[in-house]
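Written out below as structure tokens is the structure these notes cover.
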Amino acid sequence: MKTAKTTLIETIAGIWIIAGIVILAGVFLTASPLAYVLGEIVGSLTASLMMIHLYGSLDIELDLPEKRAVNHSRLMGILRSVMELAVLLGSFFVSRWVMPYTVLAGLFGRKLAAIAVPFYEEFRDGRKQKKGM
């Protein structure tokens with residue numbers, strides 16, 4: 001689980017790096033900068049919490065028999081999806097304060113960060129090998 005925890009931390013850091021990029025890229029171009037930033041923060045916070053939930057779920061599933069682990073994994077995946085949809089749909093009801101499309105961008109940061117982690121690890125391992133030479 002040490003490797004999983006390191007990956008969790010890297011993924012959450014990636015989510016917030018992507019959030020910073022999205023905020024800097026669009027905050028000056030929108031009519032409501034506060035709603036833009038708050039939307040990205042809400043989406044990124046939700047994505048971070050979903051990653052922590054995923055980590056906890058995997059920890060539980062490793063101790064379960066295979067069939068129960070598969071069922072638990074499916075149920076927790078559905079729960080995470082429902083929570084993400086609830087946050088996104090909820091943002092439409094408070095769109096005066098939170099922009100739904102930046103909430104979506106924040107939620108999407110979880111996917112982008114997870115894709116970027118292997119590339120970061122490869123880069124980090126390459127740097128360690130160069131220092132070892």
* Note down, for the stretch 1-51, the three equivalent ellipsoid semi-axes (square root of 5 times each alpha carbon gyration tensor eigenvalue), biggest first, whole angstrom. => 27, 10, 4
* Running Debye on the stretch 21-127 with equal point scatterers at the Cα sites and no solvent, what base-10 log of I(q)/I(0) appears at q = 0.13, 0.18, 0.23 Å⁻¹? -> -0.60, -0.91, -1.12
* **Formal net charge of residues neighbouring Lys111 (Cβ-Cβ distance under 13 Å; K, R +1; D, E -1)** => +1
* Asked: Heavy-atom accessible area of Ile52 with all protein chains present, probe 1.4 Å, nearest 10 Å²?
  -> 80
* Asked: Using only Cα atoms, what is the ratio of the radius of gyration of the stretch 60-119 to 2.2 N^0.38 Å?
  -> 1.49
* To do: Return one whole number: the accessible area per residue of the chain in Å², for a 1.4 Å probe.
  => 67
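The values are calculated or read from the model by the stated rules, or taken from the named source; none is laboratory data. On a predicted model such as this, the values are computed, not experimentally measured, just so you know. All Cβ positions, even for glycine, are placed from backbone atoms using ideal geometry, and neighbour counts span all protein chains on display. Protein only, heavy atoms only, side chains kept; ligands, DNA and RNA dropped before computing areas. Shrake-Rupley method; radii C 1.70, N 1.55, O 1.52, S 1.80 Å.
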